[in-house]
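See below for the structure under consideration.
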Amino acid sequence: MSVGSHRATLRDVAKLAGVSVATVSNYLNDYPFMKPTTKERIRQAIDELGYAANQQARNLRRGRTGLISLSIPDLNQIYFAELAEEMIKAAREYGYRIIVESTGNNRQHEINSVKAMSRNMTDGLILSPTSMTSEDVAELEGDYPLVLLGERIFNAPAPHIVIANDVGARMATDHLIDAGCRTIAVVGGTLDEGIPSSRLMRTKGYVMSLADHGMRIDPSMIRECGDWTSAEGARVVCEMYARGIRPDGIFALNDLLAMGVISQLREMRVRVPESVRVVGFDDIDEARYTIPPLTSIDPGRAQIAELAVRSIIEQVEEGTRATRRRIDVGCRLVCRKSSPGV
């Protein structure tokens, strides 16, 4: 509630509580040497007036902005848009806000995000690089709070949160094998060891699962594609069928690819899951509303967001960057009608 026609101020609180402005400021900054009765009078005055402390001003006095930078590859990828939402929710719990930047999978844009931290624009950076390499590790040196996400730059001098891509892919492939599939294609896969990536790690998980079950690795079943979009998923299905390749299980390396796969199979009147089972990866919200609803791997977005934001806040409070360490986040299979549980 406001006083008269204006918003309540520090002076209004001090007047109502019968104390000085300095005493109210000490209360707001958790001054330890204050009588309980004085604290209670100030608290009651704040409640009665509806006074809201200017957190931004307090942060600036402590050399903080109350902001965290989140630099992610591509907001057109639903996974990253949903991850950003989880980050925003997690940060809000700590009284922080998130500034989101999309780097467009561009190395220089990723480096520019890092360089912006040297200008103290925000209190810390959560970076998910896709194009920086081990040669760029020196760009990440510094004392500012930093957390890395993803598969790139494993020796970076900061905490690194990693999705269990290979484990999740094994879960998906194990599930298809347990369901009776024997000709399983992986859409979006690659065995190119040149650059660490989620597509490489997920393809490795697929290969390991086949090997665990004594099944032969057929290179023609590892279908590479460009962007991980629904259009690419549909294109790969058309290409496979044109070449006479008829899988009874398809593991698409993200949900958008899987949606394109399902759409194209329906267009060709191939029944899912009766003729072909389909599994995706990322468990985006839309996965529940495909026809049929998509079985997918949940990579733990909420946990990733909580771990990343909490690490940044802890680094801010401690006044120094945390030491380098790898933090693995678990995943789980979410079964729906595109490949029901067995």
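When only residues in region 251-288 that are within 27 Å of the chain's Cα centre (by Cα) and in a loop (DSSP other than H, G, I, E, B) count, which is surrounded by the fewest Cβ atoms within 10 Å (Cβ to Cβ)? Step by step, filter region 251-288, then rank; the result is ILE284.
Close contacts from region 307-330, counting a first residue that is under 19 Å from SER69 (Cβ atoms) and open to solvent by 90 Å² or more (accessible area, probe 1.4 Å) and a second that is assigned to a helix (DSSP H, G or I) and not hydrophobic (A, V, I, L, M, F, W, C), with Cβ to Cβ under 7 Å and a gap of 6+ residues or different chains, come to none at all. Against the list (1) within 27 Å of LEU75 (Cα to Cα); (2) of a type in the set (A, V, I, L, M, F, W, C); (3) in a helix (DSSP H, G or I); (4) at pLDDT 95 or above, the condition LEU200 fails is (4).
With respect to the conditions (1) part of a loop (DSSP other than H, G, I, E, B); (2) closer than 25 Å to MET201 by Cα, GLY142 falls short on a single one, namely (2).
If I ask for residues that are in contact (Cβ under 8 Å) with a residue 60 or more places away in the chain and not polar (S, T, N, Q), which ones from region 204-256 would you list? First the steps, then the outcome.
Taking region 204-256 and keeping what is in contact (Cβ under 8 Å) with a residue 60 or more places away in the chain, we get 228, 245-256.
Passing the criteria: TRP228, ILE245, ARG246, PRO247, ASP248, GLY249, ILE250, PHE251, ALA252, LEU253, ASP255, LEU256.
For region 216-250, residues that are under 22 Å from GLU274 (Cα atoms) and assigned to a loop (DSSP other than H, G, I, E, B) total 6. Scanning region 75-132 for residues that are closer than 16 Å to ALA305 by Cβ, part of a loop (DSSP other than H, G, I, E, B) and open to solvent by less than 20 Å² (accessible area, probe 1.4 Å) turns up GLY124, SER128.
Which ones in region 170-207 are within 18 Å of MET259 (Cβ to Cβ) and surrounded by fewer than 19 Cβ atoms within 10 Å (Cβ to Cβ)? Lay out the reasoning, then the answer.
Taking region 170-207 as the starting set, the residues that turn out to be within 18 Å of MET259 (Cβ to Cβ) are 172, 176, 185-189, 198-199, 202.
Once the filter is applied, which keeps residues that are within 18 Å of MET259 (Cβ to Cβ) and surrounded by fewer than 19 Cβ atoms within 10 Å (Cβ to Cβ), region 170-207 yields nothing.
The values are calculated or read from the model by the stated rules, or taken from the named source; none is laboratory data. Keep in mind it's a predicted model, so treat the numbers as computed, not measured. When we count neighbours, we look across all protein chains shown, and the Cβ atoms used for this are built from the backbone with ideal geometry, even at glycine. Surface accessibility is based on the protein's heavy atoms, side chains included, excluding ligands, DNA and RNA. Shrake-Rupley method; radii C 1.70, N 1.55, O 1.52, S 1.80 Å.
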